[in-house]
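Note sheet for the following structure.
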Amino acid sequence: MTLVRYHCDMNETWTPDISGKTGTIHSRLLRALRRDIASGKLAPEGRMPTHRELARRLGIGVGTVTRAYAEAERLGLLTSAVGRGTFVAPAAAPAVKPAASMSLDPASGPIDLSLNLPTLDAVQARIGEALHRVHTRPDIGQLVALAPHAGLDAHRQAIAGWLRNRVRYANVDWTRLVITTGAQQAMALAIEVSCRPHDVLLTEAATFGGIFAIAASRGLTCTGVAMDEHGIMPDALEATIADTGARVVYLQPTLQNPTTRTMPMERREKIVEIARRHDLTLIEDDVCAPIAFALVNHRPELTPLAVLAPERTFYLSSFSKALSPGLRVGMLVAPDRDRFDRVCMAMRAACYTTATLGSLIVTQWIKDGVADQVLGAVAQEASTRLVIARRLLGGAMDRPTFPTSLHAWLPMSELRAERVANGALRRGVVLTPPSSILVDGGSVSGLRICLNMVTRPELERALRIIRSVLADEVVPSAMSVV
């Protein structure tokens, strides 16, 4: 009989960071365990602190540690030996090995399918020319001066025109538009103006993970609202408002991240009706809308919530998915002048204003048609990659509402999603941790697969690995994350 070699090391002094406002204590402990094993902070085969000792260090119940350890063992992260303790699983090959054609070249590193961003080929071919044009502009001195809090008027007007033409935001008012450093800052500004400390912020049951960091930094609690195939459910929204007294909801009506679902017009109208009845503020994240509509010629238009309920909707978007994430150009349209002024005050407190170079390039590209060309190329590549994903993953993958989504969604239980993510990482494919996109109390779970930030050969190889992991009905207990 082969004996597994265990050794005591710094693992026994492990004191994880389980701070945060989202998730139960045991789920935060499990996330920390998974993170620290993946990073190498916890060594393979190292002895873990006892249940009682870790509970004492963290000031939590022993039962909470026991539950987290048991779940980690089911996921193949830990092993236990009666009378000896709990150990990080050994870094051994899984019992079910991938086929030789799926093996990764160790020198190339893992394939990362956790970044939900577009391919950069189209923008790389044009950025040099754009920078040259900036260099030769006679007004460059004025353009690099400090801009007003909301950005330069010419840039705000150009971006408003893009929203009218590309995302059906027909009534956008450029005088209430603030240029931000990406959509993440736009979210933070909208939440800062709309929420008070300790408020409940409603989100979809599975949502963009960045919202959790913003909520935690402001002392807010995120509560998920149940979803169906058309997005957030009206009855569930009303019930959650009644239960929590929430006044603000953050949602993504078009190509929702992570589920790829899109609200039809009837659903949007019901959400607006509920918002008006309960005086609810809507924070509409529409970053995927330009991608959704880029190649669609005959689909009925889907109107932004900001058009249906302009008096209560903060509308935000960015060029990160449509053109390039590195430009860091986002936008936030406030519902009225008072809240626009408050957003500008918050902008002044945070960073005074955004840098003008990115918005200058975007404005040039909008005016000369390059933005449309880049968007078309990004959407076409996304469409091609979705076809590849559908071919390799088949029925395991939900069909996105639009054929240009940058990511795919594989619905499954949260436990299985964690197992599949761990198994994929074990074989060299990095996926978004399922726990990072799910909100407690939610009704949906699964895996997000981002398709566009690797080469096509790498994508096909990674998808074959995922397919192999999905075929394993039971992940062996010896499987670990390395």
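Applying the selection to region 1-49, what residues are part of a loop (DSSP other than H, G, I, E, B), hydroxyl-bearing (Ser, Thr, Tyr), modelled with pLDDT under 85 and within 30 Å of Thr207 (Cβ to Cβ)?
Pass one, region 1-49, residues part of a loop (DSSP other than H, G, I, E, B): 1-6, 8-9, 14-24, 40-45, 48-49.
Those still in the list that are hydroxyl-bearing (Ser, Thr, Tyr) too: 2, 6, 15, 19, 22, 24.
Those left that are additionally modelled with pLDDT under 85: 2, 6, 19, 22, 24.
Listed by number, the residues that qualify are Ser19, Thr22, Thr24.
Are there strands (runs of 3 or more DSSP E) fully within region 215-293 with at least 2 residues that are under 30 Å from Asn165 (Cβ atoms) and either aliphatic (A, V, I, L, M) or not assigned by TED's automatic domain parsing to the domain that holds Leu323 (or both)? List them.
On the way: elements: 221-225, 248-251, 281-285.
Correct list: 248-251, 281-285.
Restricting the search to region 301-354, which residues are within 30 Å of Gly376 (Cβ to Cβ) and among the β-branched types (Val, Ile, Thr)? Reasoning before the result, please.
In the first step, residues of region 301-354 are kept if they are within 30 Å of Gly376 (Cβ to Cβ); the result is 301-308, 310, 313-333, 354.
Matches in region 301-354: Thr303, Val307, Thr313, Val329, Val333, Thr354.
Looking at region 470-482, which of its residues are in contact with a Gly (Cβ under 6 Å, 6 or more places away or on another chain) and either farther than 30 Å from Ala226 by Cβ or modelled with pLDDT of 95 or more (or both)? Before the answer, list the steps.
Within region 470-482, the first condition is being in contact with a Gly (Cβ under 6 Å, 6 or more places away or on another chain), and the residues that meet it are 475, 477, 479-480.
Passing the criteria: Ser477, Met479, Ser480.
Among the residues of region 56-78, count how many are of a type in the set (Ser, Thr, Tyr) and at pLDDT below 85. First the steps, then the outcome.
Going through region 56-78, the residues of a type in the set (Ser, Thr, Tyr) turn out to be 64, 66, 69.
Narrowing further to those that are at pLDDT below 85: 64, 66.
Summing the residues that are of a type in the set (Ser, Thr, Tyr) and at pLDDT below 85 in region 56-78 gives 2.
Could you pull out the residue among Arg461, Arg467, Arg456, Arg448 that is at pLDDT 90 or above, in contact with a His (Cβ under 6 Å, 6 or more places away or on another chain) and not hydrophobic (A, V, I, L, M, F, W, C)?
Arg448
On the basis of being under 15 Å from Asp112 (Cβ atoms), outside any strand (DSSP E or B) and either not assigned by TED's automatic domain parsing to the domain that holds Leu113 or not hydrophobic (A, V, I, L, M, F, W, C) (or both), does Arg461 make the cut? Spell out the reasoning first.
Numbers: under 15 Å from Asp112 (Cβ atoms): yes; outside any strand (DSSP E or B): yes; either not assigned by TED's automatic domain parsing to the domain that holds Leu113 or not hydrophobic (A, V, I, L, M, F, W, C) (or both): yes.
The answer is yes for Arg461.
Of the residues Leu360, Leu332, Leu375, which single one is surrounded by 20 or more Cβ atoms within 10 Å (Cβ to Cβ), in a strand (DSSP E or B) and either among the hydrophobic types (A, V, I, L, M, F, W, C) or touching a strand residue (DSSP E or B) at 6+ places or on another chain (Cβ under 8 Å) (or both)? Spell out how you get there, then give the answer.
Working: Leu360 fails: in a strand (DSSP E or B); Leu375 fails: in a strand (DSSP E or B).
Testing whether each residue is surrounded by 20 or more Cβ atoms within 10 Å (Cβ to Cβ), in a strand (DSSP E or B) and either among the hydrophobic types (A, V, I, L, M, F, W, C) or touching a strand residue (DSSP E or B) at 6+ places or on another chain (Cβ under 8 Å) (or both) leaves just Leu332.
Filter region 209-222 for residues that are surrounded by 21 or more Cβ atoms within 10 Å (Cβ to Cβ) and not small (Gly, Ala, Ser) and give the result. Full working, then the answer.
Filtering region 209-222 for residues surrounded by 21 or more Cβ atoms within 10 Å (Cβ to Cβ) gives 211-212, 214-215, 220, 222.
If the condition is that a residue be surrounded by 21 or more Cβ atoms within 10 Å (Cβ to Cβ) and not small (Gly, Ala, Ser), then Ile211, Phe212, Ile214, Leu220, Cys222 are the ones that fit.
Cβ-Cβ below 6 Å, separation at least six or inter-chain, first residue in region 301-321 and outside any loop (DSSP other than H, G, I, E, B), second modelled with pLDDT of 95 or more and aromatic (Phe, Trp, Tyr): which pairs?
Listed pairs, sorted by first residue: Ala306/Tyr315.
The values are calculated or read from the model by the stated rules, or taken from the named source; none is laboratory data. Note that the structure is a prediction, hence the values are computed from the model and not measured. As a convention, Cβ positions derive from the backbone with ideal geometry for all residues, glycine included, and neighbour counts pool all protein chains shown.
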